[in-house]
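Notes to accompany the following structure.
Here, each number is a calculation from the coordinates, and none is a lab measurement. Here the structure is a predicted model, which means the values were calculated and not measured. Cβ: placed from backbone, ideal geometry, glycine included. Neighbour counts: every protein chain shown.
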């Protein structure tokens with residue numbers, strides 16, 4: 001029988017926006033020398049079954065080409081898995097990373113950077129400005145299990161509640177959230193629930209629901225804060241906010257609005273380092289079974 005030598009890939013599981021294991025948002029990071037077939041990367045992401053698996057290849061000095069996959073789809077931008085990738089490059093692969101020398105990632109959403117400031121990793125992402133939602137999707141309140149005071153729309157639906165306790169207590173129906181209609185091109189009815197902070201430490205709290213892309217509740221969501229920062233900066237009269245995502249795992253983000261960019265800072269910890277064994281080059285080029 002013809003023997004095939006497996007391809008061995010190192011993988012890293014990183015808890016992003018966390019200061020200890022089992023908190024924040026886990027991402028799997030997979031360094032590559034060259035791209036694998038898209039269907040294979042999607043299958044790997046489904047196997048890992050975390051919010052996002054990040055794959056990257058070298059793209060010139062100090063720059064990498066970065067892609068992200070949920071268990072169900074490829075996404076054009078992702079915050080926590082970008083932070084996790086920078087963490088792996090800096091701590092496991094020896095890439096120099098300082099405030100004055102950020103890592104650069106070429107992505108579907110343009111060039112994204114991550115810098116190091118003291119013990120935090122700081123993402124530099126584009127702002128997504130919200131606007132008042134004149135026609136929220138029918139069934140939004142029923143899907144969340146509570147009636148928001150206001151509904152706004154950027155990439156995602158932003159539901160403002162009167163108290164942080166209400167946000168923390170939400171028990172949404174993820175099937176109903178997945179069924180919400182979204183007329184935005186490429187929209188997938190993702191919902192942010194938010195309120196002002198109530199503990200004297202965090203300025204705002206939020207939770208994030210995205211069942212249609214394979215993530216019922218995302219533990220900590222960098223991209224949500226590209227939308228929340230302009231929303232809350234106007235209300236609170238400040239551009240620098242400490243934000244808490246109030247999922248079961250939870251995470252803290254130090255965010256600053258800077259014109260048309262949002263700087264999102266957080267910590268990261270390595271949970272595991274492992275090895276994936278894939279079939280030979282010839283076999284992985286074949287279509288995966290349906």
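I need the shape label for segment 48-94. Rule: rounded when a/c is under 1.5, else prolate if a/b > b/c, else oblate, with a, b, c from the alpha carbon gyration tensor. Because a/c hits 1.5 or more and a/b exceeds b/c, segment 48-94 counts as prolate. Rounded to two decimals, the Cα radius of gyration of segment 1-42 over 2.2 N^0.38 Å is 1.65. Note on the chain: semi-axes of the ellipsoid equivalent to its C-alpha gyration tensor, largest first and rounded to whole Å, are 33, 23, 16. Only helices enter this figure: runs of n ≥ 4 DSSP H residues, each worth -39500 (n - 2.57), summed and divided by the residues of the chain, yield -5500 deg cm²/dmol at 222 nm to the nearest 500.
Once the cut-off is 25 Å, how many percent of the Cα-Cα pairs in segment 108-248 end up in the long-distance tail? Here the long-distance tail beyond 25 Å is 24 percent of all Cα pairs in segment 108-248. Working from Cα pairs under 8 Å separated by at least six residues, relative contact order for segment 74-153 is 22 percent.
Across segment 180-256, the fraction of Cα-Cα pairs farther apart than 20 Å, rounded to a whole number, is 31%.
Could you state the angle between the C-alpha long axis of helix 38-48 and the longest principal axis of the C-alpha atoms of the chain, as a value from 0 to 90 degrees rounded to the nearest 10? Long axis of 38-48 versus the principal axis of the chain: about 70 degrees.
What distance in nm separates the simple spin-label points at residue 147 and residue 46, each placed 7 Å from Cα in the Cβ direction? Label at residue 147, label at residue 46, 4.1 nm between them. Between residue 98 and residue 261, the contour length at 0.36 nm per residue exceeds the Cα-Cα span by 56.8 nm. Model label points for residue 216 and residue 20, set 7 angstrom from Cα along the Cα-to-Cβ axis, are 2.5 nm apart. Short-range pairs are left out: with C-alpha atoms under 8 Å and at least six residues apart, the relative contact order of the chain is 23 percent.
Under the criterion of Cα pairs below 8 Å and six or more residues apart, the relative contact order for segment 2-67 equals 25 percent. Per the Debye calculation on segment 68-174 with a single equal scatterer at every Cα and no solvent contribution, log₁₀ I(q)/I(0) for q = 0.25 Å⁻¹ amounts to -1.25. Using only Cα atoms, tell me the angle between helix 80-91 and the longest principal axis of the chain; keep it within 0 to 90° and round to the nearest 10. Tilt relative to the chain: about 50 degrees. As an exercise, find the ratio Rg/Rh for segment 1-88 from alpha-carbon atoms, using the Kirkwood inverse-distance average for Rh. Using Cα coordinates only, the ratio equals 1.01. Relative to its Kirkwood radius, the Cα radius of gyration of segment 213-254 gives an Rg/Rh of 1.02.
The angle separating the long axis of helix 222-236 from the principal Cα axis of greatest extent in the chain is about 20 degrees. Return the FRET efficiency for the residue pair residue 35, residue 272: r is the Cβ-Cβ distance, R0 is 25 Å, and the value is rounded to the nearest 0.05. After rounding to 0.05, the efficiency reads 0.55.
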